[in-house]
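Here is the structure we will look at, set down as structure tokens.
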Amino acid sequence: MQAKEPKALAMKTRIDLSGVNGRIDHFSADTKGQRLFMAALGNHTVEVMDVQSGTRLHTIPDLAEPQGLYYDPSTNHLFVACARDGTTKVFDGSTFQLLETVKFSGDADNIRYDARNKRVIVGYGDGAIGFLDSNGKKAGEIPLDAHPESFQLEKSGTRVFVNVPDQKEIQVADLAKKALIAKWAVTSALKNYPMALDESHHRLLIGCRTPAKMLVIDTETGKQTASIDIVGDTDDLFYDAAKSRVYVIGGGGFVDVFDQKGPDHYTRVERLATAPGARTGFFAPDWNKLFVALPHRGEQHAEVLVFETK
């Protein structure tokens, strides 16, 4: 009798978040301090968790629908982008004292870090990505044609790729030129929200909801090279470069795991049940862990599932 192949993901623990209600959005992590930060949008809080003990450490209250988070280890600052008032708030990462409030035109959403220029980038409003220095001071912006969802930055180049679902496009900007340089149509599936970048193969992985597909886009040409069926209602997907694998988290109640067999070939190797509405999470390659947020629905209280990647 042959031994079973080890699973791609192994459930390790659950972090209880009783009392957290409503929609849950995005995450960030303090790798050295073993802390996980979660934007509890509907609860108007940011939840801080200890990954090693699997417990909640702290709650930052009274936030206007927090969406995107970024923890900056170099300054020990936590950046929190809020939808309802368009602010990005900067907190001390130890005391959680509010240090700075930056006002954008509205709907501050996803946050990324531009390591090359040591600045934080916030997608917001009816269409722009704005730059903040490490202290949270505004340092310019690049206009877009509609509200930006997930975006990814090249490490080897100066481009940023932005999902703009209302335009049915991926819009490409050059961070050095601070200008929009390309618009790639997304037509075979709509509602392109999450995005991951496989830079070594020059591929963008785009999660779409209508229908539920992962589209593979060549970053050299802007053309679609593959379309793969995925779990419905995705809001986060991650590329695991070390294992040539993709994790797709969907509110349909599953995590889909794909093995990459080449730039344009993906085989689903696992589908793990989570819970309805569990569509966001966080992949920490340094920890070999995937986190999935379960919102409070009925008898299911809010919690974070912790999976180990195999």
Checklist line | log10 of Debye I(q)/I(0), alpha-carbon scatterers only, for segment 165-310 at 0.09, 0.11, 0.14, 0.16 Å⁻¹ | finding: -0.28, -0.42, -0.66, -0.85
Next item on the list: Starting at the first residue of segment 54-66, write each ³J(HN,Hα) from the Karplus equation 6.51 cos²θ - 1.76 cosθ + 1.60 with θ = phi - 60°, in whole Hz, x for Gly and Pro.
Entry: x, 10, 7, 9, 7, 10, 9, x, 6, 9, 8, 6, x
Margin query: How high is the relative contact order of the chain? Use alpha-carbon pairs under 8 Å, at least six apart in sequence, and give a whole percent.
Written below: 13
Notebook entry, point to check: Can you pull the percent of segment 81-192's accessible area that's carbon plus sulfur, 1.4 Å probe, other chains left in place?
Noted result: 46
Checklist line | Alpha carbon convex hull of segment 1-61, volume per residue in cubic angstrom | finding: 128
Item checked: FRET efficiency for H301 and N76, using Cβ-Cβ distance with R0 set to 30 Å, rounded to 0.05 -> 0.45
Margin query: Residue by residue through segment 184-198, what is 3J(HN,Hα) from phi via Karplus (6.51 cos²θ - 1.76 cosθ + 1.60, θ = phi - 60°)? Round to whole Hz and write x for glycine and proline.
Written below: 10, 5, 10, 10, 6, 8, 10, 6, 7, 9, x, 8, 10, 10, 9
Notebook entry, point to check: For the chain, what is the accessible area per residue in Å², given a 1.4 Å probe and the full set of protein chains?
Noted result: 42
Next item on the list: Can you pull a Stokes-Einstein diffusion coefficient for segment 154-231 at 25 °C (0.890 mPa s), Rh from Kirkwood over Cα pairs, as a whole number of µm²/s?
Entry: 196
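If the chain between N288 and L98 were fully stretched, how many nm would it gain, using 0.36 nm times the residue separation less the Cα-Cα distance?
65.3 nm is the gain from fully extending N288 to L98.
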Next item on the list: Could you please report the charge total around T210, scoring K, R as +1 and D, E as -1 over all other residues with beta-carbon less than 12 angstrom from its beta-carbon?
Entry: +3
Notebook entry, point to check: Of K32/K213; K137/K243; K137/K177; K118/K183, which pairs sit farther than 31 Å apart, going by alpha carbon to alpha carbon?
Noted result: K32/K213; K137/K243
Next item on the list: Normalise the Cα radius of gyration of segment 39-130 by 2.2 N^0.38 Å (N = residues in it) and let me know the number.
Entry: 1.05
Margin query: Under the 0.36 nm per residue contour assumption, what length would be gained going from the current alpha-carbon distance of K183 and A273 to full extension?
Written below: 28.8 nm
Checklist line | Descending principal axes extents, the chain, alpha-carbon based, whole Å | finding: 62, 46, 34
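The values are calculated or read from the model by the stated rules, or taken from the named source; none is laboratory data. Bear in mind the structure is a predicted one, so any value in this text is a computation, not a measurement. Note that each Cβ is placed from the backbone with ideal geometry, even for glycine, and that neighbours are counted across all protein chains shown. Heavy atoms of the whole protein, side chains included, go into the accessibility calculation; ligands, DNA and RNA do not. Shrake-Rupley method; radii C 1.70, N 1.55, O 1.52, S 1.80 Å.
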